[in-house]
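The next block holds one structure in the form of structure tokens; read it before the comments.
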Amino acid sequence: MDHEHFAKIFKALSNPNRLRLFDEIRAKGHAHFEDAKKRGVAGCLLQHVIEALDVGAPTVSHHLKELVNAGLVETHKVGKQLRCSVVHDVVDDLQRYFGREPGPAA
């Protein structure tokens, strides 16, 4: 088990604004997943996330960068727009982490 990997994730999610941002990206990405898949694009538009959170773009940008650095979210440009999506492998890692049997730290 890579404790540094999980510590980086937990640190990123320990900020309430980042946790809200992560939840919003996850919710919006899930809601638009099938439609996006049909059109060959992934994730949700950052602009929609900003509008939903009612937070300034610079604040969202700062927290988004931290989520990307922690490996929780990935971004990609589509034309002039930025799309965000949750990295599902990392979410799976977290589910395995919390679902594992307790034992001595490795």
Assigning unit charges at the beta carbon (Lys, Arg +1; Asp, Glu -1) and nothing else, what dipole magnitude in debye, to the nearest 20, does the range 3-99 show about its Cα centre? 260
What full-extension length gain, to one decimal in nm, is calculated for LYS8 and GLU51 as 0.36 nm per residue of separation minus the Cα-Cα distance? 12.7 nm
Amide proton proximity set for ALA70, modelled H, under 5 Å, gap of 5+: none
In the range 3-99, taking the dipole from +1 charges on Lys and Arg beta carbons and -1 charges on Asp and Glu beta carbons about the Cα centre, the listed residue (PRO58, VAL87, ALA70) farthest towards the positive end is PRO58
Lysine pair number, Cα distance threshold 15 Å (strictly under), the range 3-99, separation 8 or more or different chains: 4
Taking placed amide H atoms and a strict 5 Å upper bound, the residues 5 or more places from LEU82 or on another chain that come that close are LEU46, GLN47
What residues have an amide H closer than 5 Å to that of ASN15, excluding those fewer than 5 places away on the same chain, when H is modeled at 1.01 Å from N in the peptide plane? none
Test of understanding: express the Cα radius of gyration of the range 3-99 as a ratio to 2.2 N^0.38 Å, with N the residue count. 1.05
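Every read-out reported here was derived from the displayed coordinates using simple, explicitly stated rules and does not represent laboratory data. For clarity, every value in this text was computed on a predicted model and none was experimentally measured. A quick note on method: Cβ atoms are made from the backbone with ideal geometry, for glycine too, and the neighbour counts reach across all protein chains shown.
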